[in-house]
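See below for the structure under consideration.
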Amino acid sequence: MGEPAGIGPDITLAAWHARDAEAVPLFYLLADPDLIRARAQRLGLTTPIIVLDHPTPPERFAAQVADTFATALPVVPLAGHMRDAPGQPNPATAAAVLEAIRRGVDDVRRGAASALVTNPIAKDVLYAAGFAHPGHTEFLAELADDGWPGTAPHIAVMMLAADDLRVVPVTIHIPLKNVAQALTAPLLRATLRTVIAALRSDYGIATPRIICTGLNPHAGENGEIGREDIDLIAPVVQEFAQAGAHISGPVSADTCFHAEARANADVIVAMYHDQALIPIKTLAFDRGVNVTLGLPFIRTSPDHGTAFAIAGTGKANPHSLIEALKHAAARAEIRRDRTAALENAV
């Protein structure tokens, strides 16, 4: 569901209405059905909605979604009811927002769904209700640790993908003044390991081609503009190259994102948030997909926010959500095929 006062309901409705024209994969929505009906009416959409519960076994639920998707939007209700108030966020809805995420993770864990796609959340609304995580990524890592006990702690990594560009920021939602301190060799190593493993398992890329940006302008200009590139990034890149990874860097970030550079990389690993996100949002704002790597399940989301100013107006563009749904379905299929091949090999 995401933030109910944002455009999540709008783009979900639009995605369902575009299911044939855009070849949208099967999906169901965890939300308050009454809120979705009210939003559809506000948008002037005639949207049949079928309310589904979670039967046992999960295969029966999946069959119900498949049977109804062509003629009605399948909605699984949450515990609480919410007033449809686009553009008017309310901390009282935070519990339902988090419930939807938790239940979505549980659905994937028990096999009722093959992937999780999350609509945008409003972190300040969740913070006002006591939410303690920087965002979706860290919360999902905690849910993975809880839902898959006995596995190592999950290091969730945010990747943005669109067209021929994938980018990963090593540090994410922290002040720029804190980046140099937060950027450590262990963090960069863990990020690279997670990226390589995910591109192999979920994208079918046996030897991913990785470009690492520098932290400083011109990758430090041989130490003249900071030593992090020489003392921290270069040694880690060399470690991975010596271990067989197809990796280069640190490269000046201002030369990484033109067409020729992108053609030689499966992913560009950047050192901080804006280094990675500005290029991809400039090149593919309506098509970008946020992907969480390093989890025991597939998770994607649109690469944009709640857009309170246009919620409920019919102006929201659903293409990023549609791409997130397609991306999740494709990744889940690759992961299933890989798992089946490994099982057959054993």
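The values are calculated or read from the model by the stated rules, or taken from the named source; none is laboratory data. Here the structure is a predicted model, which means the values were calculated and not measured. Counting neighbours? That spans all protein chains shown, and the Cβs are built from the backbone with ideal geometry, glycine included. Please note that ligands, DNA and RNA were not included when accessible areas were found on the heavy atoms of the full protein model with its side chains. Shrake-Rupley method; radii C 1.70, N 1.55, O 1.52, S 1.80 Å.
Numbers below:
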| read-out | value |
| --- | --- |
| Where a residue in region 325-346 is open to solvent by less than 90 Å² (accessible area, probe 1.4 Å) and its partner, wherever it lies, is modelled with pLDDT of 65 or more and assigned to a helix (DSSP H, G or I), with Cβ under 8 Å and at least six apart | LEU325/ALA15; ARG331/ASP202; ARG331/TYR203; ILE334/SER201; ILE334/ASP202; ILE334/TYR203; ARG335/SER201; ARG335/ASP202 |
| Residue check, LEU13 of a type in the set (A, V, I, L, M) and closer than 15 Å to ALA316 by Cα | yes |
| Residue check for VAL291: assigned to a strand (DSSP E or B), modelled with pLDDT of 90 or more and either in contact with a Phe, Trp or Tyr (Cβ under 7 Å, 6 or more places away or on another chain) or farther than 21 Å from LEU325 by Cβ (or both) | no |
| Sole exception among (1) closer than 23 Å to SER301 by Cα; (2) in a helix (DSSP H, G or I); (3) open to solvent by 20 Å² or more (accessible area, probe 1.4 Å); (4) of a type in the set (D, E, K, R) for ARG166, by number | (2) |
| Any hit, region 175-185, residues being open to solvent by 70 Å² or more (accessible area, probe 1.4 Å) and in contact with a Pro (Cβ under 7 Å, 6 or more places away or on another chain) | no |
| Restricting region 107-138 to residues that are in contact with a helix residue (DSSP H, G or I) (Cβ under 7 Å, 6 or more places away or on another chain) and assigned to a helix (DSSP H, G or I), the residue that is farthest from ALA63 (Cα to Cα) | ALA128 |
| Checklist (1) touching a Gly at 6+ places or on another chain (Cβ under 9 Å); (2) of a type in the set (A, V, I, L, M); (3) in a loop (DSSP other than H, G, I, E, B) applied to ALA206, failing item | (1) |
| Tally, over region 258-272, of residues that are open to solvent by 30 Å² or more (accessible area, probe 1.4 Å), in contact with a strand residue (DSSP E or B) (Cβ under 8 Å, 6 or more places away or on another chain) and either modelled with pLDDT under 95 or more than 20 Å from VAL179 (Cβ to Cβ) (or both) | 2 |
| Single unsatisfied condition, VAL291 versus (1) under 27 Å from GLY104 (Cβ atoms); (2) surrounded by fewer than 16 Cβ atoms within 10 Å (Cβ to Cβ) | (2) |
| Matching residues, region 203-225, being touching a residue at least 24 places away in the same chain (Cβ under 8 Å) and open to solvent by 10 Å² or more (accessible area, probe 1.4 Å) | TYR203, GLY204, ILE205, THR207, ARG209, ILE211, LEU215, PRO217, HIS218, ALA219 |
| Matching option when the condition is at negative phi, out of contact with any Asp or Glu (no Cβ under 9 Å at 6 or more places or on another chain), surrounded by fewer than 19 Cβ atoms within 10 Å (Cβ to Cβ) and in contact (Cβ under 8 Å) with a residue 24 or more places away in the chain, among ALA94, ALA63, ALA100, ALA72 | ALA72 |
| Positions within region 27-36 being free of Cβ contacts under 8 Å to residues at least 60 places away in the same chain and either among the hydrophobic types (A, V, I, L, M, F, W, C) or crowded, with 18+ Cβ neighbours inside 10 Å (or both), in sequence order | LEU29, PRO33, LEU35, ILE36 |
| Subset of region 37-60 (residues that are assigned to a helix (DSSP H, G or I), open to solvent by less than 60 Å² (accessible area, probe 1.4 Å) and either under 13 Å from VAL75 (Cβ atoms) or hydrophobic (A, V, I, L, M, F, W, C) (or both)) | ALA38, ARG39, ALA40 |
| The lone exception for PRO74 - which of (1) at pLDDT 95 or above; (2) part of a helix (DSSP H, G or I) it fails | (2) |
